[in-house]
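Visitor: Take this structure first; my questions come after.
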Amino acid sequence: MEAKEKMTAGAVSVAADTKQSPLSTADIIAELGDFCNTGEEEIFVDPRKLDPRYIETHTMQDLLDTAFVPRLPIIEGFLYPGTYLIAGSPKIGKSFLVTQIGYSIATGTPLWGMPVQRGSVLYLALEDDCPRLQRRISRMFGVEGTPDFHFATQARSVENGLMQQLEGFIREHADTRLIIIDTLQKVRGDESEKYSYANDYQIIASLKALTDSMPIAIMIVHHTRKQDAEDKFDTISGTTGLLGAADGAVLLRKEKRTSPEATLDVVGRDQQDLRFKLLFRYESCTFDLTETETELWKDPPDPLLEAVAALVNEDAPLWEGTATELAMRIGSQLPPNHLSRKLNVNVSRLLSEYGVLCTPQRSHEGRRIRLLYMKA
């Protein structure tokens, strides 16, 4: 009865005595159960789906009426959930770089000043052995370890059980944020056509299916070819199927192999193109940022989102109500359905910039909106 009364109560803020401590990533995940529930639960299978000629579509209204699970940056401005290639010439420092990235995420340490979303990291160091890993990590970070950075020196191929191994790791470590595969060649199958466009595309697509369904990133270490190209990303070894299937790519380059100066270029579906100037520190085998050639673009302030975020804070961390009630509360002139749709579009931004998780709610009276303050 108490739960029912809460769902049907008017739109009110929670009293101060319900104030809660800042929520962890696990708490955020626990709040996501109501996402993507825009219709009633499907009891019977639509018979049209059994027809091979049927193609499932979504109308423009369907998309705007759906609140998708927010996908927050894992390293703000640099790494987002998805599958990425990280390529460069052999022995240029790629393994040191991905180890540094993994350590930042596993410890919650900002990378070159960029905030990170802390979580477990799995590094498949398939060209290394444990003694070499020990020497590398101790030289880079000293002897104070972290239990959230995991290493493996053996794994199956993509076509022979790797996906099941990765899924098993994620089940055991629900806070997984990054998986590093070093290198792509080590997880390829043995088929004679493994270097074809179709096979290259399928290998990345298989890994991408994992990151499409979970808020994690996979970084796949790969090599570049010797021939230069007008577009530096065209130097990635293999067919264009690799980059075509990936969500993005990171390219590490040096003008001279013996030089400590390096350039890091980043492209991706969910981010702007970036270029970082780095300096390799031989004593610690880590990269320092010396210059960011591309300024990060930020969305301009949105008065609607600011008004919505002003409703919830540390003293009143929860608000629930209908879109009509929310429009009245914040003084918005938008029609309620337009207000709901704008919130659906900006779920990720509302959480990342304002610390407010906006989730759809359902009751016998219809759709409702739940705003939960999640910042410290």
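The values are calculated or read from the model by the stated rules, or taken from the named source; none is laboratory data. Because the structure is a prediction, the values reported are computed rather than measured. Because the Cβ atoms are built from the backbone with ideal geometry, glycine has one as well, and the counts that use them run over all protein chains shown.
Visitor: So how many residues does segment 89-115 have that are crowded, with 23+ Cβ neighbours inside 10 Å and aliphatic (A, V, I, L, M)?
Guide: The total comes to 5.
Visitor: Could you look through segment 205-252, keep only residues that are of a type in the set (D, E, K, R) and over 19 Å from Val187 (Cβ atoms), and pick out the one that is surrounded by the most Cβ atoms within 10 Å (Cβ to Cβ)?
Guide: The residue in question is Lys232.
Visitor: Continuing with the same structure: Take Asp273 and tell me if it is acidic (Asp, Glu) and in a strand (DSSP E or B).
Guide: yes
Visitor: Can you name the condition, by its number, that Asp175 falls short on among (1) charged (D, E, K, R); (2) surrounded by fewer than 21 Cβ atoms within 10 Å (Cβ to Cβ); (3) touching a residue at least 60 places away in the same chain (Cβ under 8 Å); (4) farther than 16 Å from Pro73 by Cα?
Guide: The one condition Asp175 does not meet is (4).
Visitor: Suppose we filter segment 309-338 for residues that are of a type outside the set (Gly, Ala, Ser) and assigned to a helix (DSSP H, G or I); how many remain?
Guide: Total satisfying the criteria: 9.
Visitor: Give the residue, chosen from Glu314, Glu261, that is surrounded by 12 or more Cβ atoms within 10 Å (Cβ to Cβ) and under 30 Å from Arg370 (Cβ atoms).
Guide: When all the criteria are applied, what remains is Glu314.
Visitor: In segment 69-88, what residues are of a type in the set (A, V, I, L, M), over 16 Å from Arg118 (Cβ atoms) and surrounded by fewer than 20 Cβ atoms within 10 Å (Cβ to Cβ)?
Guide: Result: Val69, single match.
Visitor: Glu191 fails exactly one of the following numbered conditions: (1) modelled with pLDDT of 95 or more; (2) of a type outside the set (S, T, N, Q); (3) loosely packed, with under 15 Cβ neighbours inside 10 Å. What is the number of that condition?
Guide: Of everything listed in (1) modelled with pLDDT of 95 or more; (2) of a type outside the set (S, T, N, Q); (3) loosely packed, with under 15 Cβ neighbours inside 10 Å, Glu191 misses just condition (1).
Visitor: With of a type in the set (Ser, Thr, Tyr), farther than 30 Å from Arg225 by Cα and out of contact with any Cys (no Cβ under 7 Å at 6 or more places or on another chain) as the only criterion, which of Thr286, Thr324, Thr292 stands out?
Guide: Thr324
Visitor: Please verify whether Thr109 is out of contact with any Gly (no Cβ under 6 Å at 6 or more places or on another chain) and either outside the structural domain of Glu172 (by TED's automatic domain parsing) or within 30 Å of Met374 (Cα to Cα) (or both), treating the condition exactly as stated.
Guide: Spelling it out, Thr109 is indeed out of contact with any Gly (no Cβ under 6 Å at 6 or more places or on another chain) and either outside the structural domain of Glu172 (by TED's automatic domain parsing) or within 30 Å of Met374 (Cα to Cα) (or both).
Visitor: Which one of Arg341, Arg362, Arg370 is farther than 30 Å from Val116 by Cβ, outside any helix (DSSP H, G or I) and either of a type outside the set (A, V, I, L, M) or at pLDDT 95 or above (or both)?
Guide: Arg362
Visitor: Further question on the same structure: Name the residue, out of Thr239, Thr211, Thr224, Thr258, that is of a type in the set (S, T, N, Q) and without any contact (Cβ under 8 Å) to a residue 24 or more places away in the chain.
Guide: Going through Thr239, Thr211, Thr224, Thr258 in turn, just one is of a type in the set (S, T, N, Q) and without any contact (Cβ under 8 Å) to a residue 24 or more places away in the chain: Thr258.
Visitor: Here is a list of conditions, (1) at pLDDT 55 or above; (2) part of a helix (DSSP H, G or I); (3) over 30 Å from Asp234 (Cα atoms), and Asp27 meets all of them except one; can you say which number that is?
Guide: (1)
Visitor: Does Thr183 qualify as being within 22 Å of Thr286 (Cβ to Cβ) and either crowded, with 17+ Cβ neighbours inside 10 Å or touching a helix residue (DSSP H, G or I) at 6+ places or on another chain (Cβ under 7 Å) (or both)?
Guide: It is true that Thr183 is within 22 Å of Thr286 (Cβ to Cβ) and either crowded, with 17+ Cβ neighbours inside 10 Å or touching a helix residue (DSSP H, G or I) at 6+ places or on another chain (Cβ under 7 Å) (or both).
Visitor: Follow-up. Would you be able to say whether some residue in segment 319-335 is within 19 Å of Leu64 (Cα to Cα), of a type outside the set (Lys, Arg) and out of contact with any helix residue (DSSP H, G or I) (no Cβ under 9 Å at 6 or more places or on another chain)?
Guide: no
Visitor: Then there is this: May I ask you to list pairs of residues, at least six apart or on different chains, whose Cβ atoms are under 9 Å apart, with the first in segment 337-362 being free of Cβ contacts under 8 Å to residues at least 60 places away in the same chain and crowded, with 16+ Cβ neighbours inside 10 Å and the second being part of a helix (DSSP H, G or I) and not hydrophobic (A, V, I, L, M, F, W, C)?
Guide: Pairs that qualify, where the first residue is free of Cβ contacts under 8 Å to residues at least 60 places away in the same chain and crowded, with 16+ Cβ neighbours inside 10 Å and the partner is part of a helix (DSSP H, G or I) and not hydrophobic (A, V, I, L, M, F, W, C), are Leu339/Thr324; Tyr354/Glu306.
Visitor: Right, here's the next one. Taking segment 42-97 as the region of interest, how many residues are more than 30 Å from Asp175 (Cβ to Cβ) and in a loop (DSSP other than H, G, I, E, B)?
Guide: Summing the residues that are more than 30 Å from Asp175 (Cβ to Cβ) and in a loop (DSSP other than H, G, I, E, B) in segment 42-97 gives 19.
Visitor: Residues that are of a type outside the set (D, E, K, R), within 28 Å of Asp62 (Cβ to Cβ), over 23 Å from the mean Cα position of the chain (by Cα) and surrounded by 14 or more Cβ atoms within 10 Å (Cβ to Cβ): does segment 288-305 have at least one?
Guide: Checked against the condition, which is being of a type outside the set (D, E, K, R), within 28 Å of Asp62 (Cβ to Cβ), over 23 Å from the mean Cα position of the chain (by Cα) and surrounded by 14 or more Cβ atoms within 10 Å (Cβ to Cβ), segment 288-305 yields at least one hit.
Visitor: Still on this structure, I have one more. Considering only residues that are over 19 Å from Ile181 (Cα atoms) and within 27 Å of the chain's Cα centre (by Cα), which ones fall in segment 119-143?
Guide: Correct list: Met140, Phe141.
Visitor: With a cut-off of at least 3 residues that are acidic (Asp, Glu), name the strands (runs of 3 or more DSSP E) lying wholly within segment 142-261.
Guide: Result: empty, no element qualifies.
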